[in-house]
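Student: Before we start, here is the structure in question, set down as structure tokens.
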Amino acid sequence: MVERLLSARPPVVPQQGAQRKESFSLKLVWMWDHIRHMPPTDDPDTLRQYARYYILLLIVGYLMTDKSNNFVHLHWLPLLQDFGWCRVLSWSSAVLTRTYYSLCSAIYRGTTDIAGYTPLLESWIY
């Protein structure tokens, strides 16, 4: 799916198969490297592929962050197959749900950080 939607094959680390989280994730560094080397083009397919890169980085880096800050989980990628269908998804509900879930996880002893869209939380406090 990564090759079909992003037209690139991520590098495979030898121990990656044994590490469950990394086997279903893309490294943010790899994605940023691809965006930095985007060729100037007018091809609609190539532009859609790079739009998927940007949207994935927006989702994971700003709207629905996790505590790793190193990986993009692949479960977001199928949502970006069709941009028409992507527009009708309730992204605001998903962001709010992710933030509430993170707040619920923050009540446990030893938790030092929360994930989710923290600017939403900050605006709600004031």
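The values are calculated or read from the model by the stated rules, or taken from the named source; none is laboratory data. Every value quoted in this text rests on a predicted model; they were computed, and no experiment measured them. Counting neighbours? That spans all protein chains shown, and the Cβs are built from the backbone with ideal geometry, glycine included.
Student: Being in contact with a strand residue (DSSP E or B) (Cβ under 8 Å, 6 or more places away or on another chain), surrounded by 15 or more Cβ atoms within 10 Å (Cβ to Cβ) and not basic (K, R), is that true of even one residue in segment 75-88?
Tutor: no
Student: Does segment 101-120 contain at least one residue that is surrounded by 15 or more Cβ atoms within 10 Å (Cβ to Cβ) and in contact with a Gly (Cβ under 6 Å, 6 or more places away or on another chain)?
Tutor: yes
Student: Which residues, counting only those in segment 67-100, are under 18 Å from W32 (Cα atoms) and under 9 Å from the mean Cα position of the chain (by Cα)?
Tutor: Within segment 67-100, F71, V72, H73, L74, W76, L77 meet the criteria.
Student: For L96, state whether it is outside the structural domain of R9 (by TED's automatic domain parsing) and either under 22 Å from P10 (Cβ atoms) or surrounded by 14 or more Cβ atoms within 10 Å (Cβ to Cβ) (or both).
Tutor: Spelling it out, L96 is indeed outside the structural domain of R9 (by TED's automatic domain parsing) and either under 22 Å from P10 (Cβ atoms) or surrounded by 14 or more Cβ atoms within 10 Å (Cβ to Cβ) (or both).
Student: Now for a different question. Which residues, taken from segment 51-60, are within 20 Å of P119 (Cβ to Cβ) and surrounded by 15 or more Cβ atoms within 10 Å (Cβ to Cβ)?
Tutor: Within segment 51-60, I55, L56, L57, I59, V60 meet the criteria.
Student: Counting only residues that are of a type in the set (D, E) and either within 10 Å of the chain's Cα centre (by Cα) or not in a helix (DSSP H, G or I) (or both), which one in segment 41-66 is modelled with the lowest pLDDT?
Tutor: Once the filter is applied, the top-ranked residue is D66.
Student: Still on this model: Which number in (1) exposed (fewer than 11 other Cβ atoms within 10 Å of the Cβ); (2) in the same structural domain as S7 (by TED's automatic domain parsing) marks the one condition that M64 misses?
Tutor: Just one mismatch for M64, condition (1).
Student: Would you mind stating whether L89 is within 21 Å of Y53 (Cβ to Cβ) and outside any helix (DSSP H, G or I)?
Tutor: For L89, the condition - within 21 Å of Y53 (Cβ to Cβ) and outside any helix (DSSP H, G or I) - is met.
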